[in-house]
1. Restricting attention to region 1-57, which residues are of a type in the set (Gly, Ala, Ser) and on the phi < 0 side of the Ramachandran plot?
2. For region 1-48, which positions are surrounded by 13 or more Cβ atoms within 10 Å (Cβ to Cβ), of a type outside the set (S, T, N, Q), more than 20 Å from Leu66 (Cβ to Cβ) and free of Cβ contacts under 8 Å to residues at least 12 places away in the same chain?
3. So which residues in region 49-69 are assigned to a loop (DSSP other than H, G, I, E, B) and open to solvent by 100 Å² or more (accessible area, probe 1.4 Å)?
Amino acid sequence: MDLWRSQKFGASASNPAISGDLIDIEGDGLNNLLEYALNGTPLTPDVPPTVATAPGILSLTYRRNLAAT
């Protein structure tokens, strides 16, 4: 996650008030840890995961970061 943080936040990567795991700097409801896991963009708003239902079916649609550990 350190490489991701450095790539996404540049000089602010070491500032926990901006790049901390639980910070949602752009206010889209996804903190930086979720942005990392869901392949989001932490400095611009993303569409959060969506939930849909149909009789007998529940679906969750989301993007994910295949490189996330």
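1. Ser6, Ala11, Ser12, Ala13, Ser14, Ala17, Ser19, Gly20, Ala37, Gly40, Ala52, Ala54
2. Across region 1-48, the qualifying residues are Ala13, Ile18, Ile23, Asp24.
3. The initial filter retains those residues of region 49-69 that are assigned to a loop (DSSP other than H, G, I, E, B), namely 49, 55-56, 62-69.
Across region 49-69, the qualifying residues are Pro55, Tyr62, Arg63, Arg64, Leu66, Thr69.
The values are calculated or read from the model by the stated rules, or taken from the named source; none is laboratory data. If you're wondering where the values come from, they're calculated on a predicted model, not measured in any experiment. Neighbour counts are summed over all protein chains in view; Cβ atoms, including those assigned to glycine, are modelled from backbone coordinates with ideal geometry. Quick note on the areas: whole protein, heavy atoms, side chains included, nothing else; ligands and nucleic acids left out. Shrake-Rupley method; radii C 1.70, N 1.55, O 1.52, S 1.80 Å.
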